Amino acid sequence: MKKSVFVMWLLGILILSGCGGQSNLKKYNDSIYDLVKECTDSTQTLFEKYEEVNSDITVDSIKQILEEDISICQNSEAEIKELGDYDGDNSLIDAATKLLSLEISYLEKFWSTSNYWNTDTITDEDRVQYNGAVNELNELEDALNAQFLVLQQVQEGFAAKHGLNLDTQVEE
């Protein structure tokens with residue numbers, strides 16, 4: 001469902017290279033990056049488990065992972081907010097917290113579909129509600145994909161404003 005979001009994050013996110021005397025800015029950027037990555041990695045694990053064809057994976061275990069993921073993302077969002085701005089520039093924090101807020105909304109909406117995961121037949125009324133939730137999930141996924149790009153652009157602008165060089169790193 002959300003694979004494109006994570007591929008974009010892992011392939012497209014920029015992190016600061018060694019910054020010499022600007023280690024505080026590097027730490028600031030890296031802290032934000034690490035906190036966003038903690039959330040997105042957790043969500044990636046959730047969806048890998050959700051898509052596993054394995055008799056050991058139950059709806060209850062997926063719900064437990066989902067609850068943990070929501071908590072991780074909420075904690076990441078709170079920790080980023082605590083960082084405050086950098087030299088009067090809050091653009092990076094704003095972009096990152098907006099992304100995490102969308103991620104949390106996505107996960108909460110995904111949770112709302114959990115009542116239908118183990119159901120072979122649903123009523124017409126339930127199908128309408130389920131389809132509505134799936135449509136909202138698709139809209140949130142589109143917003144997340146767009147926000148990942150915004151975060152990348154904001155990070156580039158943030159680095160340029162503060163005179164830093166960025167390296168693109170691909171993680172496997």
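The values are calculated or read from the model by the stated rules, or taken from the named source; none is laboratory data. The structure presented is a predicted model; accordingly, all values stated were derived computationally and were not measured. Ideal geometry is used to build each Cβ from the backbone, glycine not excepted, and the neighbour counts take in all protein chains shown. For accessibility, only protein heavy atoms count, side chains too; no ligands or nucleic acids. Shrake-Rupley method; radii C 1.70, N 1.55, O 1.52, S 1.80 Å.
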Residue count, the stretch 39-61, condition open to solvent by 80 Å² or more (accessible area, probe 1.4 Å) and either in a loop (DSSP other than H, G, I, E, B) or under 16 Å from residue 102 (Cβ atoms) (or both), comes to 3
Considering only the stretch 1-26, how many residues are at pLDDT 50 or above, buried (at least 16 other Cβ atoms within 10 Å of the Cβ), over 11 Å from the mean Cα position of the chain (by Cα) and outside any helix (DSSP H, G or I)?
0
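Please work out if residue 163 is part of a loop (DSSP other than H, G, I, E, B) and either of a type outside the set (D, E, K, R) or at positive phi (or both).
Values: part of a loop (DSSP other than H, G, I, E, B): yes; either of a type outside the set (D, E, K, R) or at positive phi (or both): yes.
Judged against the criteria, residue 163 is a match.
Let me confirm something: among 64, 74, which residue is under 12 Å from the mean Cα position of the chain (by Cα), open to solvent by 20 Å² or more (accessible area, probe 1.4 Å) and without any contact (Cβ under 8 Å) to a residue 60 or more places away in the chain? First the steps, then the outcome.
Details: 64 fails: under 12 Å from the mean Cα position of the chain (by Cα).
Of the residues listed, the single one that is under 12 Å from the mean Cα position of the chain (by Cα), open to solvent by 20 Å² or more (accessible area, probe 1.4 Å) and without any contact (Cβ under 8 Å) to a residue 60 or more places away in the chain is 74.
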Just need a number here: residues in the stretch 27-38 that are touching a residue at least 12 places away in the same chain (Cβ under 8 Å) and open to solvent by 50 Å² or more (accessible area, probe 1.4 Å).
1
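Condition check ((1) exposed (fewer than 13 other Cβ atoms within 10 Å of the Cβ); (2) modelled with pLDDT of 95 or more) across all residues:
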{"position": "88", "(1), (2)": "yes, no"}
{"position": "102", "(1), (2)": "no, yes"}
{"position": "119", "(1), (2)": "yes, no"}
{"position": "128", "(1), (2)": "yes, no"}
{"position": "138", "(1), (2)": "yes, yes"}
{"position": "141", "(1), (2)": "no, yes"}
{"position": "144", "(1), (2)": "no, yes"}
